[in-house]
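Take a look at the following structure, please.
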Amino acid sequence: MDKILSKKAFPQWVKKLQPYRIYAPSRDNGIWIYKDIDKPEGIDLDFLTTALSAKAIIFPQREIFLEFEQTNESVPEINEVLPKDEPTIVFGVRPCDAKAVTLMDKVFGGDFEDIYYWKRRKQTVLVGLACSPPPSPNCFCLSVEGSPHSKEGLDILMTDLGDRYYTESLSKKGEEILNLGKGLFTQPKAEDKKKKEKIHADAEKQVKRHIKDLKKIPPKLQGMWDSPFWDDEAMSCLRCGICTYMCPTCHCFDINDEIYASSPPKGKRIRTWDTCQFPDFTMHSSGHNPRPDKASRLRQRIMHKFQYFVENYKNYQCTGCGRCISKCPVGIDIIEVLDKVRDYGA
Amino acid sequence: MVNVEDLRNEAKRILKEEKVKYIIGYTKSQNGMMPTPAFIKESKDVDQLIWNPTCIHNLVKFLVDEKRRKHREKKPDERPVGVVVKGCDSRAIVVLLQEKFINREDVYILGVSCENGGVIDEKKLAKKLKGKTAETITQDEKGEFVISTKEGKVKVSGEEILAERCLECRANYPVIYDTLFGNKARKKVDDPFKSLDKLESLSERERWAFWKEQLSKCIRCYACRSACPMCYCDECVVDTINFAVTADTSAEEKAGKIKWIEKSPISSENFVYHMVRAMHLAGRCIDCGECERVCPLDIPLRFLNKKLEKEAKELFGYDAGFDPDEPSLVSSFKDEDPEDFIR
């Protein structure tokens, strides 16, 4: 279902979506972050790449699993905590970040369904905004099976036509929230459609960065486990968690019991994000660490995204958002690393 | 003016004469204007070295890596490592020497003077350029900065694009070095703590609200810790396994260890993390600004460290990282040290 929404009518539509919790990009000094919005005025759809992707809304950095308390001598009381029933809309989702959600679906679905993830996932409506021009100089979505106007993972795709949005509903969830704005939307004319298509085509031309022959990389990586290549590439790595925490597809986590009182014991079991870049990520209880240095951790990041994930799910675990490149404090550039992998030993 | 050829020639000489294992310097990145750290092992590669106002990183952090790497090697190469440092970075070397983390003979210091300039602040630059991309930045004879973009050249004053710390810098040329490039004239700084004025004028309640908002953004990626040359502990209090575990460590011992901080990125834990970091840097921070530069959420971390630097100065007359023979602030005392603030 294709519709047109004027920019003037956009705040009115948002007001009609009150039963939903709404997240949207909001400016915070020099960066954009998704904020819980109570008034449409807080929404800034003229934004560059958000610091964190919509991943942080569906797979929050902190998730409470259960609460426990020893109420009498013998039996501890355990209460499961599930995410609240809270239909949510996320505005301004970039196509790369929406595609990333579909990759996380594979991880949290499959053999075992993660109830916490799916509770949030199912009640969240992702409203995308086509990129025009690409929001970061390091965007490379076209190289990893994406595009600045990809619909994958989205419930609605909006395209900015200047004074109005071309709004395409892509799912039942999307249709439902369009219907809440009945009367605000108009039918697109043939010229609107043409304009939208031109904007999409132009945006593709403006994506500046590309990975050449990406298909050659997964088989190449198979033979590079013990290569000294990783030592050289990781020399400048600082071992921080930026590349993985900012990544819309990285999904590793840790589970800890946080104790608030010891006698009688009381606390919560909590899942938090974790990253292969931290020294304690693979630390064994014996004291042995199979990934003892930064070279082995960089190798893990690259191999997970471009070999293991491909083997397991037939997709690259990267959607080309460019965050890990733009935010790396020392300029480690995943495109350069992959270029070198492809040409290594040739 | 620093002539980068002089730096390259000296690098070539010490590599050729096998005086150093390798040289840590700056090189142009393949993508974008900002340089990346370079590790030059052979004299034929010295032309990769660059020097300009975008050479922002504090490369002293890599001496910490070098020490760890050397420790793992059975027969380590005992030669020093060459490192390119600015004034602020050289103060980090002084602190590492004072604390005996490294020895003077472990490092060959290629000191570069910032003269009357400094390094740029990427956020200020982005604001100034309003969407345009800078290709190069140079400083002219008059001290003005020339930014080249595709659309033409823009001239700006230092104040408009230099990092705040450079405007308050008391070490515009290295305080310790083996070879110095550029001149040795101290830059006059009226008030090295001026950037604190605004925050200090706020009430306690307002400051609390300010930090609560700022630290709530923290995602605990620990980039501030990772970029800091002073954060060199093998075991960090914030890691979930923050003590040495060996095959002999019993389950009871592991269970009995105190967890000082939880992994949850919530207000209380974020505060603990940032307070621990700030306190551990009191009297040690040399204001290289790396913690704030690397923060992906733009948390103004420099304020915390700058405030403690001011306290050390006002209470004990102590300036970190100027004299390698002076003991460090927190491991020494004088009879006349004030104590009226101890309650």
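The values are calculated or read from the model by the stated rules, or taken from the named source; none is laboratory data. On a predicted model such as this, the values are computed, not experimentally measured, just so you know. Cβ placement follows ideal geometry from the backbone for every residue including glycine, while neighbour counts extend to all protein chains displayed.
Where in segment B:142-260 are there helices (runs of 4 or more DSSP H), lying fully within it, with 2 or more residues that are surrounded by fewer than 14 Cβ atoms within 10 Å (Cβ to Cβ)?
Numbers: elements: B:158-161, B:164-167, B:197-200, B:204-216, B:223-227, B:251-256.
Here the list reads B:197-200, B:204-216, B:251-256.
Then there's this: So, in segment A:211-257, exactly how many residues are away from chain B (no Cβ under 11 Å), in contact (Cβ under 8 Å) with a residue 40 or more places away in the chain, surrounded by fewer than 16 Cβ atoms within 10 Å (Cβ to Cβ) and more than 28 Å from the chain's Cα centre (by Cα)?
0
Something else: Filter segment A:65-88 down to the residues that are in contact with a Phe, Trp or Tyr (Cβ under 9 Å, 6 or more places away or on another chain) and either aromatic (Phe, Trp, Tyr) or closer than 15 Å to A:ILE255 by Cα (or both) and list them by number.
Matches in segment A:65-88: A:PHE65, A:GLU80, A:VAL81.
Can I ask one more? Does A:PHE47 qualify as being in the same structural domain as A:LEU142 (by TED's automatic domain parsing) and of a type outside the set (A, V, I, L, M)? Let's see the steps before the verdict.
On the way: in the same structural domain as A:LEU142 (by TED's automatic domain parsing): yes; of a type outside the set (A, V, I, L, M): yes.
The answer is yes for A:PHE47.
Quick one: would you say B:LYS142 is among the basic types (Lys, Arg) and over 30 Å from B:ASP323 (Cα atoms)?
On the way: among the basic types (Lys, Arg): yes; over 30 Å from B:ASP323 (Cα atoms): yes.
Criteria met by B:LYS142.
Does A:THR88 qualify as being within 27 Å of A:LYS314 (Cα to Cα), among the hydroxyl-bearing types (Ser, Thr, Tyr) and either free of Cβ contacts under 8 Å to residues at least 60 places away in the same chain or assigned by TED's automatic domain parsing to the domain that holds A:THR159 (or both)? Give the derivation first.
Values: within 27 Å of A:LYS314 (Cα to Cα): no; among the hydroxyl-bearing types (Ser, Thr, Tyr): yes; either free of Cβ contacts under 8 Å to residues at least 60 places away in the same chain or assigned by TED's automatic domain parsing to the domain that holds A:THR159 (or both): yes.
Taking the combined requirement at face value, the residue does not satisfy it.
Using beta carbons and a limit of 6 Å, which pairs, at least six apart or on different chains, have the first residue in segment B:244-270 and more than 30 Å from B:SER216 (Cβ to Cβ) and of a type outside the set (Val, Ile, Thr) and the second one at pLDDT 70 or above and surrounded by 10 or more Cβ atoms within 10 Å (Cβ to Cβ)?
Listed pairs, sorted by first residue: B:ALA247/A:SER286; B:ALA247/A:GLY287.
Now for a separate question. Can you find a residue that is free of Cβ contacts under 8 Å to residues at least 40 places away in the same chain, of a type in the set (Asp, Glu), in the same structural domain as A:THR50 (by TED's automatic domain parsing) and in contact with a Leu (Cβ under 6 Å, 6 or more places away or on another chain) anywhere in segment A:108-121?
The first filter runs over segment A:108-121 and keeps only residues free of Cβ contacts under 8 Å to residues at least 40 places away in the same chain, leaving A:109-115, A:118-119.
The next check asks that each one be of a type in the set (Asp, Glu); those that pass are A:111, A:113-114.
Still in the running and in the same structural domain as A:THR50 (by TED's automatic domain parsing): A:111, A:113-114.
Filter once more, so that each one left must be in contact with a Leu (Cβ under 6 Å, 6 or more places away or on another chain): none.
Scanning segment A:108-121, I find no residue that is free of Cβ contacts under 8 Å to residues at least 40 places away in the same chain, of a type in the set (Asp, Glu), in the same structural domain as A:THR50 (by TED's automatic domain parsing) and in contact with a Leu (Cβ under 6 Å, 6 or more places away or on another chain), so the answer is no.
What residue, among those in segment A:20-33 that are of a type outside the set (S, T, N, Q) and within 12 Å of chain B (Cβ to nearest Cβ), is farthest from A:LEU82 (Cα to Cα)? Let's see the steps before the verdict.
Initially, segment A:20-33 is screened for residues of a type outside the set (S, T, N, Q), giving A:20-25, A:27-28, A:30-33.
Those still in the list that are within 12 Å of chain B (Cβ to nearest Cβ) too: A:27-28, A:30-33.
On the way: A:ARG27: 31, A:ASP28: 30, A:GLY30: 35, A:ILE31: 31, A:TRP32: 29, A:ILE33: 25 Å.
Result: A:GLY30.
Could you check how many residues of segment A:260-285 are within 11 Å of chain B (Cβ to nearest Cβ) and part of a loop (DSSP other than H, G, I, E, B)?
Counting residues in segment A:260-285 that are within 11 Å of chain B (Cβ to nearest Cβ) and part of a loop (DSSP other than H, G, I, E, B) gives 11.
It is to be established whether one or more residues within segment A:42-60 are under 25 Å from the mean Cα position of the chain (by Cα), within 14 Å of chain B (Cβ to nearest Cβ) and charged (D, E, K, R).
Yes, that holds for at least one residue.
Looking only at segment A:1-52, how many residues end up being closer than 27 Å to A:PHE140 by Cβ and surrounded by fewer than 13 Cβ atoms within 10 Å (Cβ to Cβ)?
Final tally of qualifying residues: 2.
Further, regarding this structure: Exactly one of these conditions fails for A:LYS327: (1) within 13 Å of chain B (Cβ to nearest Cβ); (2) on the phi > 0 side of the Ramachandran plot; (3) charged (D, E, K, R). Give me its number.
The one condition A:LYS327 does not meet is (2).
Yes or no: B:ASP191 of a type in the set (Asp, Glu) and either within 11 Å of another protein chain (Cβ to nearest Cβ) or in contact with a Phe, Trp or Tyr (Cβ under 8 Å, 6 or more places away or on another chain) (or both)?
Details: of a type in the set (Asp, Glu): yes; either within 11 Å of another protein chain (Cβ to nearest Cβ) or in contact with a Phe, Trp or Tyr (Cβ under 8 Å, 6 or more places away or on another chain) (or both): no.
Judged against the criteria, B:ASP191 is not a match.
Could you list all residues from segment A:289-342 that are among the acidic types (Asp, Glu) and farther than 21 Å from B:GLY32 by Cβ? Lay out the reasoning, then the answer.
Start the filter on segment A:289-342 by keeping residues that are among the acidic types (Asp, Glu), which leaves A:293, A:311, A:333, A:336, A:339.
Within segment A:289-342, A:ASP293, A:GLU311 meet the criteria.
Looking only at segment A:258-301, count how many residues are within 30 Å of A:ASN79 (Cα to Cα) and touching a residue at least 40 places away in the same chain (Cβ under 8 Å).
10
Go through segment B:103-112 residue by residue and tally those that are surrounded by 22 or more Cβ atoms within 10 Å (Cβ to Cβ) and either hydroxyl-bearing (Ser, Thr, Tyr) or in a loop (DSSP other than H, G, I, E, B) (or both).
Summing the residues that are surrounded by 22 or more Cβ atoms within 10 Å (Cβ to Cβ) and either hydroxyl-bearing (Ser, Thr, Tyr) or in a loop (DSSP other than H, G, I, E, B) (or both) in segment B:103-112 gives 0.
Okay, next question. If we keep just the residues of segment B:1-37 that are touching a Phe, Trp or Tyr at 6+ places or on another chain (Cβ under 6 Å) and facing another protein chain (nearest Cβ under 10 Å), which is surrounded by the most Cβ atoms within 10 Å (Cβ to Cβ)? Before you say what the answer is, go through the steps one by one.
Initial filter on segment B:1-37 (touching a Phe, Trp or Tyr at 6+ places or on another chain (Cβ under 6 Å)): B:2, B:4, B:6-7, B:20, B:22, B:24, B:35.
Subsequent filtering for residues that are facing another protein chain (nearest Cβ under 10 Å) retains B:22, B:24, B:35.
Working: B:TYR22: 20, B:ILE24: 26, B:PRO35: 21.
Per the criteria, the residue is B:ILE24.
Oh, and also: Sort out which residues of segment A:260-277 are surrounded by 21 or more Cβ atoms within 10 Å (Cβ to Cβ) and within 21 Å of A:ASP333 (Cβ to Cβ), and write them in order of number.
Within segment A:260-277, A:THR275, A:GLN277 qualify.
Being more than 19 Å from the chain's Cα centre (by Cα) and either in a helix (DSSP H, G or I) or buried (at least 16 other Cβ atoms within 10 Å of the Cβ) (or both) is true for just one of A:ILE64, A:ILE78. Which residue is that?
A:ILE64
Then there is this: Taking the condition of a type in the set (A, V, I, L, M) and part of a strand (DSSP E or B), does A:ILE217 pass?
No.
Same structure, new question: Among the residues of segment A:313-325 satisfying the criterion of being out of contact with any Ser or Thr (no Cβ under 7 Å at 6 or more places or on another chain) and touching a residue at least 12 places away in the same chain (Cβ under 8 Å), which is nearest to A:LEU214 (Cα to Cα)?
First, pick out the residues of segment A:313-325 that are out of contact with any Ser or Thr (no Cβ under 7 Å at 6 or more places or on another chain): A:313-316, A:324-325.
Okay, now just the ones that are also touching a residue at least 12 places away in the same chain (Cβ under 8 Å), so A:313, A:315-316, A:324-325.
On the way: A:TYR313: 16, A:ASN315: 12, A:TYR316: 10, A:CYS324: 18, A:ILE325: 17 Å.
Filtering first and then ranking leaves A:TYR316.
Okay, moving on. What residue, among those in segment B:291-317 that are free of Cβ contacts under 8 Å to residues at least 60 places away in the same chain and among the aliphatic types (A, V, I, L, M), is farthest from the other protein chains (Cβ to nearest Cβ)?
This residue is B:LEU315.
In segment A:107-160, which residue that is part of a strand (DSSP E or B) and not β-branched (Val, Ile, Thr) is nearest to the other protein chains (Cβ to nearest Cβ)? Walk me through it before giving the result.
Quick first cut of segment A:107-160, residues part of a strand (DSSP E or B) only: A:124-129, A:156-160.
Adding the requirement that they be not β-branched (Val, Ile, Thr) leaves A:126, A:128-129, A:157-158, A:160.
Numbers: A:LEU126: 21, A:GLY128: 23, A:LEU129: 18, A:LEU157: 25, A:MET158: 22, A:ASP160: 16 Å.
My answer is A:ASP160.
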